[in-house]
Every structure is written in C-alpha cells, then in structure tokens.
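K.L.:
Got a structure for you, written out below as structure tokens; questions coming shortly.
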Amino acid sequence: MDSTVPARVREYADQAVEYVRRAVGLKLEYDSDTLPLLDHYLRTLHELGSEQAATVQLVVATAGAYFGEVVRQRLGGRWETGEDDIEWRVVLPTGLNFAPAGFVAAAIAMADLDDLDTEIDAPPRMRPYVQRALERMGEVSVEDYYSLCGRLDTLEHLHEVLVAVAAQMLGDPDGVDGADEAEAPGGGFDPSSGQPDLPDLHDEPSGPVN
C-alpha cells in the first residue's frame, strides 16, 4: 500500500481484509474482482440487531477504509482524515469526493442514512456535469444501487466524465493532472451555455445514483 496513505487507513483496511477472510475464507485483493466478496459480507450484517451495533460500527469504519483504498488505487487521489473515522473522505484527481464509510453503512442498511454522508460530491463548477451524468444513468435494483461494486462503477464513470469536461475546458485532449490514464469520452461544445457539452452517455452501463 502507498506509503502516503495514513497509517490508520492502512490499519483499518487490513482489518477489513481479515474480517472477510474469516467470514468467507477468501482474501480481498484491493481490486474490483474481489470487491463482490465484501458486498456479500456486508449483506450478512443486514439482519444484525441493535445488540450488535458496536460490531456493525467497526465494520463500517474498516470496510470504508478498504473501499476507499480500492477506489484511490484505481483512480488516484488522496485521503482527508480526522478524528472521526466515519467522516474520512477520499478526494479524486477530478475533485469528486465521498465518505467511504457512508457508502458501507448504506450498503449494510440498504438505505440512505440521515446521519451519514452517502452521496458523491464535486467542486461547485463540476456539480452540474455530475448531476447530468447521474440523470442519464439507467435504473438499477436496490441491491445494486447500494452495493460497493455499483458505487465503484458510478465513481469510475463520473471520473471519466469530469476528465473529459476538464480536458475540453483546458483545451487538452489528453486529460487533466493526475487523471491522464482515463480515456476521455467524446463530447462537444454547447454554444447556448458557453460550456463544454457532456458526451452522450445513454449507452453507458447502468449504476446507482445519489
């Protein structure tokens, strides 16, 4: 794991790997191929009662650190940490940012939670593009909506959209700082708005929306 990753994040993520290994007998590899194992593990916690609240809280924090690292390793970015591990955020090179623990808690509950941040945010200038991209994504089942696999698909798609938008704004077809590896989908310029137009996303894979 990257030495720039905060020590507590590394510790928590490794704990999540161990929890899943004990539960299902397989090891998480910090990749998308084994992420379904974590989704499966989280689903087993859905029926735990209030007496297991401490256990669920620990899983939310550790699995959040793990999922955040999966995203960071795939797309780049950095951690923003503080005293409360539930509020730790990952900030991608495009400015997209999210609280991984909130995603995990929502995956366990199969619902949005009023007391936790379960949404994807972006710099103000980019929010209209994010909203338009989300609106063009297809409907999915509740399980897929809240799954971490679904969240990863959505983050990857939005990241590519913002790479394309930023490249058009900068006049650089090869991408923006820290995001050169993402292929920028085709798009044009909307003269009525004076802003780059989003590429046509109707044929993109479905994913959860926030």
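The values are calculated or read from the model by the stated rules, or taken from the named source; none is laboratory data. What you are looking at is a predicted structure, and each value in this text was computed from that prediction instead of being measured. Methodologically, a virtual Cβ is constructed for each residue, glycine included, from the backbone with ideal geometry; neighbour enumeration extends over all protein chains shown.
K.L.:
Looking at the stretch 41-49, can you tell me whether even one residue there is under 20 Å from A106 (Cβ atoms) and charged (D, E, K, R)? Explain how you work it out, then say what you get.
P.N.:
Within the stretch 41-49, the subset under 20 Å from A106 (Cβ atoms) is 41-49.
Imposing the further condition that a residue be charged (D, E, K, R) reduces the set to 43, 47.
Yes: the stretch 41-49 contains one or more residues that are under 20 Å from A106 (Cβ atoms) and charged (D, E, K, R).
K.L.:
Where in the stretch 1-80 are there helices (runs of 4 or more DSSP H), lying fully within it, with 3 or more residues that are among the β-branched types (V, I, T) and surrounded by 12 or more Cβ atoms within 10 Å (Cβ to Cβ)?
P.N.:
Output list reads 7-24, 53-75.
K.L.:
Sticking with this one: Considering only residues that are in contact (Cβ under 8 Å) with a residue 12 or more places away in the chain and among the basic types (K, R), which ones fall in the stretch 103-146?
P.N.:
R132, R136
K.L.:
Could you tell me whether R125 is at pLDDT below 95, part of a helix (DSSP H, G or I) and surrounded by fewer than 18 Cβ atoms within 10 Å (Cβ to Cβ)?
P.N.:
On the way: at pLDDT below 95: yes; part of a helix (DSSP H, G or I): yes; surrounded by fewer than 18 Cβ atoms within 10 Å (Cβ to Cβ): yes.
In short, yes.
K.L.:
Quick test of your reading of the structure: D117 fulfils all but one of (1) farther than 30 Å from Y129 by Cβ; (2) out of contact with any His (no Cβ under 9 Å at 6 or more places or on another chain). Name the failing condition by number.
P.N.:
Going through the list (1) farther than 30 Å from Y129 by Cβ; (2) out of contact with any His (no Cβ under 9 Å at 6 or more places or on another chain), D117 breaks only (1).
K.L.:
Same structure, new question: Considering only residues that are closer than 16 Å to L155 by Cβ and out of contact with any Asp or Glu (no Cβ under 8 Å at 6 or more places or on another chain), which ones fall in the stretch 81-126?
P.N.:
Residues satisfying the conditions are L92, T94, G95, P100, F103, V104, E119, I120, D121, A122, P123, M126.
K.L.:
Just to verify a result, which residue in the stretch 95-116, among those that are of a type outside the set (A, V, I, L, M) and modelled with pLDDT of 95 or more, is surrounded by the fewest Cβ atoms within 10 Å (Cβ to Cβ)?
P.N.:
Let us first name the residues in the stretch 95-116 that are of a type outside the set (A, V, I, L, M), namely 95, 97-98, 100, 102-103, 112, 114-115.
Keeping just the survivors that are modelled with pLDDT of 95 or more gives 95, 97-98, 100, 102-103.
On the way: G95: 19, N97: 17, F98: 25, P100: 29, G102: 22, F103: 30.
Residue satisfying both the conditions and the ranking: N97.
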